[in-house]
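Down below is the structure, laid out as structure tokens.
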């Protein structure tokens, strides 16, 4: 079984909502998805390793099978992995990434204004703590 790591902006309400959605819909929660905030040690190391900005937290990342996926591609791959009818969303992968990412970037630029933000990263419950990387 393959594990996937979702790396997200820990203070963004939209991002935290997406993480909660994945937690609630993960078909195999013991093995599928793990999580780390972009602000965490793990997130910062991943950004550095892949030569990405360590101060801008405007991307949703999926680290899977040694590959890093960003923005809309990461989100669509998560939908595919979730399975069920969510995997139908993966059909949008045929839309050129510059179009998908234009929409993604529009939402990312406005996410705090539209969805708000918290003062700190999400604190997992004791049951979920093992799925969050630091």
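Does the stretch 55-77 contain any residue that is at positive phi and assigned to a loop (DSSP other than H, G, I, E, B)? The answer is yes, given that some residue of the stretch 55-77 is at positive phi and assigned to a loop (DSSP other than H, G, I, E, B). Within the stretch 78-89, being at negative phi and in contact with a helix residue (DSSP H, G or I) (Cβ under 9 Å, 6 or more places away or on another chain) holds for 78, 79, 80, 81, 82, 86, 87, 88, 89.
Residue 84 passes every criterion in (1) touching a residue at least 12 places away in the same chain (Cβ under 8 Å); (2) surrounded by 15 or more Cβ atoms within 10 Å (Cβ to Cβ) apart from (2). Of all residues in the stretch 103-122, at least one satisfies being surrounded by 17 or more Cβ atoms within 10 Å (Cβ to Cβ) and in a loop (DSSP other than H, G, I, E, B).
For the stretch 17-38, filtering for residues that are crowded, with 17+ Cβ neighbours inside 10 Å and either in a loop (DSSP other than H, G, I, E, B) or in contact with a helix residue (DSSP H, G or I) (Cβ under 6 Å, 6 or more places away or on another chain) (or both) leaves 7. Looking at the stretch 41-59 only, could you name the residues that are in contact with a strand residue (DSSP E or B) (Cβ under 9 Å, 6 or more places away or on another chain), surrounded by fewer than 18 Cβ atoms within 10 Å (Cβ to Cβ) and more than 23 Å from residue 102 (Cβ to Cβ)? Answer for the stretch 41-59, where residues must be in contact with a strand residue (DSSP E or B) (Cβ under 9 Å, 6 or more places away or on another chain), surrounded by fewer than 18 Cβ atoms within 10 Å (Cβ to Cβ) and more than 23 Å from residue 102 (Cβ to Cβ): just 49. For the stretch 60-67, the condition holds for at least one residue, the condition being that it is surrounded by 11 or more Cβ atoms within 10 Å (Cβ to Cβ) and at pLDDT below 90.
The values are calculated or read from the model by the stated rules, or taken from the named source; none is laboratory data. Small disclaimer: the values here were computed from a predicted structure and weren't measured. Note that we place each Cβ from the backbone using ideal geometry, even for glycine, and neighbour counts take in every protein chain shown.
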